[in-house]
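Scroll down for the structure; my scribbles are underneath it.
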Amino acid sequence: MATTVHEPPKIDLEGLPSHGSGNGGWRNLVPAAGDLRRVKDHSPAPSSTGIWVALAAISMTFAALTSAMIVRQGASNDWRHFTLPSILYLNTLILFASSFTLEIARRRIAAFMGGTRDQSTRPALWLYVTLLLGLLFVLGQYAAWLQLKSQGLYLATNPSSSFFYVLTAAHALHVFGGLGGLVRVIGKLNKRVLRRSTLVATARYWHFMDLLWLYLLLLLWMKL
Amino acid sequence: MHEVSAHAAHGAPTSFIRKYIFSLDHKVIGKQYYALALVAVFVGMFLSWLMRLHLGFANYAIPGLHLLSKTGAPGNVMTPEYYLQLMTMHGTIMVFFVLTTAPFAAFGNFFLPIQVGAEDMPFPHFNMMSFWVTFVAFLVLISSFFVGDGPTLAGWTQYAPLSAVGSVAGPGQGLGEILWASSIAIFCVGQLLGSLNFITTTLDMRTKGMSLMRMPLTSWAWFITSLMGLTAFAVLMPACILLILDHVAGTSFFIASNLVISGQLLHHSGGSTLLWQHLFWFFGHPEVYIAIVPGMGIVSHVLITNMRRPLLSHRVIIACMTSIGVLSYMVYGHHMFVSGMNPASSLAFSFPTLIITIPATIIVLIWIGSLYGSKLRINAASLFALGFISMFISGGVSGFFLAQPSIDIMLHATYFVVGHFHLVMAVAAIFGIFAGTYFWFPKMTGHMMNETLGKLHFWLTFVGAYCIFMPFHYLGIAANVRRYQAFTDPYLIPLIPVHKFITVAALATGAAQFIFLYNLVHSRFWGAAAPDNPWEGTSLEWSTATPPPHNNFGDKMPVVYHDPYEYNIEGASSEYVMQTSPEQYTNPHEEK
Amino acid sequence: MRNGRNFTVVLSTVVLISCGALILGQKVNAAGEGKITGTVKLEGPAPHMRGIDMSKDPWCVKQHANSPAHIETWVVGSDGALENVVLYISQGLNGTEMAAVPKSVPVFDQKNCMYVPHVLAMDTSQDYKVITSDQTTHNIHPLPNPMTGNIPWNESQPPGAAPIVKNWKHEEVAIPVQCNIHPWMHGWFVVVKGPYATTDDKGEYTINNVPPGSYTVTAWHEPDMTQTAKVTVASGQAATANFSFKAGR
Amino acid sequence: MAKLFAVTIILIAIGSAIPIVMHMWPMPADISLNGHLIDEQYADTMMEAGLAFLSSQILLAIFIWKFSHPKPDAKVKYFPGGARVLVIAGFLLVGTEVVALGVFGAKAWGMAYFTPPAADAIPIQVQAQQFAFYFRYPGPDGKFGPIHPNLIDDAEGNYFGLDTTNDQDSKDDIVTAEIAVPVNREVHLFMHSRDLGHSFYVPELRVHQDFVPGLDLTIHFTATKIGRYEIVCTQLCGLGHYAMTAYLDVKSQEDYETWLKQQAALQ
């Protein structure tokens, strides 16, 4: 997107392209005969810009919830502190591991697209691992809820528990979105029409989920 | 992403469903948004008629009203609760489903990609979802008319705890309230998807030569609006979800301890009433500008074309709109001067509020200054654009009062406020929509609208709007409190004649809108065929066919060589130079 | 409150007559029907009932210019006659006699910013009617216990508005009803199954068309005071059950 | 058409100003000690806003009149000085204006909110509920008894939920349905909401403050003119919002004391 905020390239009156846009360039990217190696990858901007915009919106939502949490805590003296379910820390590790595996997959596929690798390395495998770890994380979060439940801490028990459930649920929901993205990536990879930008966008989203979770964990750890 | 390649791959859809209902085409989606706004605006107007009848002529029996609500209007006379329910729905429908959808989502969807020279938005599926999600939100909201004891009566601002404690607080505060909150949460999703598309389109989809500074002011307005929308709606959505939780899950985000509502002690504790107000107004004030900034863009665009000259400065307008967008997040506290917020922060909020009048004033000055020495063409579109300026001034000056906490002590929650925001954001924005409609209708439908009817519509609306909303200010100065269903207090009784006058004016002005509706529908089917460039405009939407083909520009994507508004340029071959014309010359007024 | 009392009297006579009509009309074994009568008194001195300051609504003030309104928790007549006590048969009835309940429609009036009657008894099979005689808007807001399954409602009634006719599906003793616009306006709906009666200003009551048998009669006084007595009704006879309440808990 | 439009704008602009200038529907007369500060601030703002309103509307109209029927060969003229002049004008005119307003306006606000009540100010508590105000005077001991929400019982007239049998401080508290204050004595008003958000607005008194459930605020004011004034709620609180009123009775010191005695007797 950086290229777009400058003055446009000088235009030569001869040989204007009959088709295609100046900056986006995704129109040229329909894979030729489904063979990824023959595709010139201009790393199309829209999806990678779009993902940043989406992440901005998500950050805004969680910022709002954070400020709500701080205001609510200060609003009255009924805030009850409790220790976070220990499983959360395990979940954190799992989520980070998933980011790691996704990164491996991304690089292999990139290399494979560039033609420097051959198909045999099966990048898809790592995607499946990521998917699995993601699901594991969500299950872990659910286990954390069960732990709280066993302590008698429900959604309405106390503002602190309310915010715990709201924040973790909101994050889990977004993680599900990421899992959906992964499934699509895998599907496209098998159909051999995956474009790098799709993968990059999904990866960025997934890594953002890590950072978001890290932030939430810190927040909850401090406030609860 | 998948949407993109799929869209780029498939040509124009053939089946009726894919073409007109679940269409991926930003132009169809824009029209769908426009249709939704049209339905919504007439519903909202109808509600305002009922309210005005009740206010002007107390206990006036409105024939058939009991059909709308059995308990709300026994014997066709409106009950207090039903008045408040209509008021709440009027506000919600107008602010969310008219002022946000029409100038931003409708026109923006149709013209942003065309004006920047794109084939479509980058994520057509999101775009389609954006509309249908908004549509569902509208249905959910309307459905609350037909459930239990009707829609919520807590006003469009939905202040907690009234909005949070449930049906014990009054009719409609049970299911009706939950429907309201759900509807708005859904609406937020729709607008977030829309903003995502708008921003990405502006940043990534511009055609060759279309630098940011070469985008028409409308595109700029939509871009800035979508940035505001992305931030504002991302805050309102969680707020609505917390509100729903307070309702159904027994949490206490907004409900304080030990509340006793008509004898019943609630089992909530420690919630913060002001928290809702902060969250809501952090969205609510930007929302006001989400409604008006696209109007500014449309008015500039329409005026320039009809003044046959560029504005004195393209960049100043952009700078002003941007600073308004940025400031809009620092001023929201002026809605809460007497809310119990720390009085020091009231002062802190009042200064940015006063400051924000500066960019607004500069925009107006640039408009007026550009009128000087122009070759103004008078038609329905330009009349409404000029009317917008007049309305914007009238509504704007009352902001000087409301921006000051001390004066707000007198005017807060009076009809002065009602008059202020109706003029500056409602009527002005609607004028922007009308200007846009008369200006772009040919391009959108391929038919010209009837100019005579358009001008008639303008005159009635312009005079009528002033007759309705100017007196509101007088009422407010006389301390006439808003959101009252009847004026029984001794000090309000002398003001009732004014209310009668307003009611009559409102009925007449509302009736005039049916001229517009007739014009719209009739022209859509039987209007004269429109040429490609009826107004001799220069921006990209005028360089493509009317109506534009499925991919907007046929087989040849446009390449841009000029600023968007090059009219009457010395040294140019013709009176106006299209952005796409490769003609080379030096523009003496080009901004360095 | 005089007119208020009159109204109750008129109301109860109306009820009586209609019962009579019913008895003569349809019931073959009408002669077999007995009744339960008695008086309800308050032991000890009548508690001081605070006056009501209605200055919030000038119209209400005008209505009470020369008859100051008082809180109606304890309405006590001469020598302790206790008004607004509801008597109903809490045990001994079987399904068939339920039909003996009059089909008349009890009326709950809003008069001079007070509720007339202060306590309205009814059977689950009866509709009740809320009317307003005032030139100021009221809202009627009964808050039944959600456990009973009765649905709370809250509607306002502008001057001259049509009567609101509703009914309660389930027994509930008793449902508080209030007007939020005039917070001092406070009354009760007593919803029972089977025959019932309310004491008049002499503290007297009569439960009509009670078939022969032995029953438990319950006397209720707001907010939640109850007393019971066992009575045996002989065919065509009147059984007697007197009660006396003590103010304060 | 355009000329007619220009004339219409001017007529509307002037017409809109007339009711303001003629004070056809004036602001309720001020009866408070500090209200004049607000009124002066209001007057100044009206002057500046009015000028801005008239001048810009008329300028708009003139330009529309003048430039709407150009000769076909007419050249487009540029506003002398171009955008720069207008931007500077905007900053200077409006900038200085609003800053001035903001600074001077702060004084009136400060008098209302930043000055503490006098030590001898009369403490009165006001409680808002759907849809009425009730008031409480602390009685001889000068102390308000504690509020017990679970004891609140409108049927018994216990609007505040006082326990007059056990709480010493509550025994002599005087609960009233309207507020009487002695003229020229400062009143320290303790605001308590029993259920929802409400507001305490007395136009003549230039006092306007929301009730915040769970957060008791205080305001203070001095009434300077004997009379009966209306208190209205301005925060939407339900179906009876429009009917949520009470009366402020500004009495002479003697009348005030006799009234208070009467009320005490009625408890």
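Per residue, what volume in Å³ does the Cα convex hull of segment B:246-324 take up?
Details: hull volume 10.3 nm³, N = 79.
Convex hull volume per residue, Cα atoms: 131 Å³.
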Exercise. Could you give the spread of the C-alpha atoms of segment B:20-253 along their three principal axes, from largest to smallest, in whole angstroms?
Key: 65, 42, 29
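Hey, what's the per residue convex hull volume over the C-alpha atoms of segment B:499-548, in cubic angstrom? Before the final figure, lay out the partial values.
Numbers: hull volume 5.8 nm³, N = 50.
Residue-normalised Cα hull volume stands at 115 Å³.
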Self-check item: Average projection area in nm² (convex hull over Cα atoms of segment B:532-592, one quarter of hull surface)
Solution: 4.5
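Excluding B:LEU162 itself, what net charge comes from residues whose Cβ is under 10 Å from its Cβ, given Lys and Arg +1 and Asp and Glu -1? Could you put the intermediate results ahead of the total?
Values: positive: none; negative: B:GLU177, D:ASP195.
Around B:LEU162, the charge tally is -2.
If each residue's Cβ is checked for other Cβ atoms within 10 Å, how do C:HIS170, B:HIS285, B:HIS412 rank with the fewest at the top? Write out the running numbers ahead of the final one.
Numbers: C:HIS170 14, B:HIS285 24, B:HIS412 27.
Going from least to most buried by this count: C:HIS170, B:HIS285, B:HIS412.
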Practice problem: Show the residues, 5+ positions off or on another chain, whose built amide H is closer than 5 Å to the amide H of B:SER252. | Solution: none
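To the nearest µm²/s, what D does Stokes-Einstein give for chain D at 20 °C and 1.002 mPa s, using the Kirkwood radius over alpha carbon pairs as Rh?
Details: Rh = 22.5 Å.
After rounding, the answer is 95 µm²/s.
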Quiz item: Once both axes come from the Cα atoms, what is the angle between helix D:2-21 and the longest principal axis of chain D, in degrees from 0 to 90, rounded to 10?
Solution: 30
Quiz prompt | Percent of Cα pairs exceeding the 19 Å cut-off, where the set is segment C:194-249 | solution = 31
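Summing -39500 (n - 2.57) over the DSSP H runs of n ≥ 4 in the protein assembly as shown and dividing by its residue number, what mean residue ellipticity at 222 nm do you reach, to the nearest 500 deg cm²/dmol? Intermediate results must be reported in sequence, preceding the final value.
Working: 32 runs with 618 residues, N = 1332.
One gets -16000 deg cm²/dmol as the mean residue ellipticity at 222 nm.
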Quiz item: What does the convex hull of the Cα atoms of segment B:296-359 come to per residue, in Å³, rounded to a whole number?
Solution: 82
Quiz item: Between A:PHE96 and B:TYR585, how many nm apart are label points set 7 Å from Cα along the C-beta direction?
Solution: 6.5
Exercise. Would you work out which of D:ALA74, D:GLY145, D:HIS208 lies farthest towards the positive end of the dipole of chain D, given +1 charges on the beta-carbon of Lys and Arg and -1 on that of Asp and Glu, about the Cα centre?
Key: D:ALA74
Quiz item: Taking only Cα atoms, what is the 0 to 90° angle, nearest 10, from helix B:124-143's long axis to the longest principal axis of chain B?
Solution: 30
Quiz item: Can you tell me the Rg and the Dmax, both Å, for the Cα atoms in chain B?
Solution: 24.0, 81
Quiz prompt | Pairwise label distance in nanometres, B:VAL39 with A:ASN77, each label 7 Å out on the Cα-Cβ vector | solution = 5.4
Quiz item: Which whole-Hz ³J(HN,Hα) couplings does segment C:205-214 yield from phi under the Karplus relation 6.51 cos²θ - 1.76 cosθ + 1.60, θ = phi - 60°, glycine and proline marked x?
Solution: 8, 9, 8, 8, 5, 9, x, x, x, 10
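Would you tell me the mean number of C-beta atoms belonging to other protein chains that fall within 10 Å of each C-beta in B:356-364, as a whole number? Walk me through the numbers on the way to the answer.
Working: counts 1, 7, 9, 4, 2, 12, 8, 2, 7.
Shielding by partners across B:356-364 averages 6.
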Quiz item: Which ³J(HN,Hα) values in Hz, rounded to whole numbers, follow from the phi angles of segment D:180-188 under the Karplus curve 6.51 cos²θ - 1.76 cosθ + 1.60, where θ = phi - 60° and Gly and Pro get x?
Solution: 10, 9, x, 5, 6, 10, 6, 10, 9
Quiz item: Using 1/(1 + (r/R0)^6) with R0 = 30 angstrom and r between the beta carbons of A:LEU132 and A:MET222, what's the FRET efficiency to the nearest 0.05?
Solution: 0.45
Self-check item: Residue order, fewest to most surrounding Cβ atoms within 10 angstrom, among D:GLU204, B:GLU566
Solution: D:GLU204, B:GLU566
Quiz prompt | Residues whose placed amide H lies under 5 Å from that of C:LYS35, excluding near-sequence neighbours | solution = C:VAL210, C:GLN237, C:ALA238, C:ALA239
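As a test, work out the antiparallel percent of DSSP beta bridges whose residues both lie in the protein assembly as shown, rounded to the nearest 5.
Numbers: 77 of 104 bridges.
Roughly 75 percent of the beta bridges in the protein assembly as shown run antiparallel, per DSSP.
Can you work out the FRET efficiency for the pair D:PHE190 and D:PHE104, with r the C-beta to C-beta distance and R0 = 30 Å, to the nearest 0.05? Walk me through the numbers on the way to the answer.
Numbers: r = 31 Å, r/R0 = 1.02.
Efficiency for this residue pair is about 0.45.
Return the average number of partner chain Cβ atoms within 10 angstrom of each residue Cβ along peptide B:66-78. Provide the component values of the computation, followed by the final result.
Values: counts 1, 0, 0, 0, 0, 5, 1, 1, 8, 4, 0, 5, 1.
The mean count of partner-chain Cβ atoms within 10 Å per residue comes to 2.
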Quiz item: Under 22 Å from the Cα of A:LYS223, which lysines turn up, not counting those fewer than eight places away in the same chain?
Solution: A:LYS149
Quiz item: Considering amide H positions built from the backbone, and no H for Pro or chain starts, which residues 5 or more places from C:GLY77, or on another chain, come under 5 Å of its amide H?
Solution: C:LEU82, C:GLU83
Exercise. Would you work out which of C:PRO45, B:ALA428, B:ILE409 lies farthest towards the positive end of the dipole of the protein assembly as shown, given +1 charges on the beta-carbon of Lys and Arg and -1 on that of Asp and Glu, about the Cα centre?
Key: B:ALA428
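Taking R0 as 41 Å, what's the FRET efficiency between B:TYR518 and C:LYS111 from their Cβ-Cβ distance, rounded to 0.05?
Values: r = 53 Å, r/R0 = 1.28.
Efficiency for this residue pair is about 0.20.
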Practice problem: For chain B, find the longest principal axis of its Cα atoms and tell me its angle to the long axis of helix B:26-56, 0 to 90°, nearest 10. | Solution: 40
Quiz prompt | For the protein assembly as shown, the fraction of alpha-carbon pairs in successive 10 Å shells from zero, as % | solution = 2, 8, 15, 18, 18, 15, 11, 7, 4, 2, 0, 0
Quiz prompt | segment B:532-592: relative contact order in percent, alpha carbon pairs under 8 Å with at least 6 residues between | solution = 32
Self-check item: For segment B:207-222 versus segment B:343-418, the gap between their alpha-carbon centres in whole angstrom
Solution: 26
Quiz item: If you take the Cα Rg of segment D:122-266 and divide it by 2.2 N^0.38 Å, with N the number of residues, what do you get?
Solution: 0.99
Practice problem: Take the alpha carbon atoms of segment C:39-56, find their center, do the same for segment D:168-243, and report the distance between the two centers in whole angstrom. | Solution: 29
Quiz prompt | Positive dipole terminus of the protein assembly as shown, leading residue within C:LEU82, B:PHE97, D:GLN262 (C-beta point charges) | solution = B:PHE97
Exercise. Convert each backbone phi in segment B:218-233 into a coupling constant with the Karplus relation 6.51 cos²θ - 1.76 cosθ + 1.60 (shift: θ = phi - 60°), then list the ³J(HN,Hα) values in order as whole Hz, x for Gly and Pro.
Key: 4, 4, 4, 4, 5, 4, 4, 4, 5, 5, 5, x, 4, 7, 5, 5
Quiz item: What is the spin-label model distance, in nm, from A:THR66 to D:ILE18 if the labels are put 7 Å beyond Cα along the C-beta direction?
Solution: 5.8
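If eta is 0.692 mPa s and T is 37 °C, what Stokes-Einstein diffusion coefficient results for segment B:297-529, Kirkwood Rh from Cα pairs, in µm²/s? All intermediate terms of the calculation are to be shown ahead of the outcome.
On the way: Rh = 19.4 Å.
Translational diffusion coefficient: 169 µm²/s.
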Exercise. Over the alpha-carbon set of segment A:163-215, work out the extent along each principal axis and list the three values in angstrom, largest first.
Key: 43, 15, 9
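When ranked by the protection proxy of mean other Cβ atoms within 10 Å per residue, highest first, what sequence do the peptides D:143-150, A:153-160 form? Display every interim value, and only then the final one.
Numbers: D:143-150: 16.5, A:153-160: 19.5.
Top of the packing list down: A:153-160, D:143-150.
Which of B:LYS70/C:LYS169; C:LYS246/D:LYS261; C:LYS129/C:LYS202; D:LYS3/D:LYS77 have a Cα-Cα distance over 27 Å?
Working: B:LYS70/C:LYS169 20 Å; C:LYS246/D:LYS261 32 Å; C:LYS129/C:LYS202 25 Å; D:LYS3/D:LYS77 20 Å.
Checking Cα-Cα distances, C:LYS246/D:LYS261 exceed 27 Å.
Relative contact order for segment A:101-209: what is it in percent, counting Cα pairs under 8 Å that are at least 6 residues apart? The partial results should precede the final answer.
On the way: 65 pairs, mean separation 31.8, N = 109.
29 percent.
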Practice problem: Return, for the Cα atoms of segment B:78-202, the radius of gyration and Dmax in Å, separated by a comma. | Solution: 16.8, 55
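Sorted by average packing, counted as other Cβ atoms within 10 angstrom per residue and highest first, what order do B:368-374, B:337-343 take? The partial results should precede the final answer.
Numbers: B:368-374: 23.7, B:337-343: 20.1.
In decreasing order of mean packing, B:368-374, B:337-343 become B:368-374, B:337-343.
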Quiz item: So how far, in whole Å, is the C-alpha centre of segment A:53-117 from the one of segment C:133-180?
Solution: 51
Exercise. Return the average number of partner chain Cβ atoms within 10 angstrom of each residue Cβ along peptide B:483-491.
Key: 6
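No lab work stands behind these numbers, since they all come straight from the coordinates. Because the structure is predicted, anything quoted here is derived from the model rather than measured. Cβ coordinates were reconstructed from backbone atoms using ideal geometry, including for glycine residues, and neighbour counts include every protein chain displayed.
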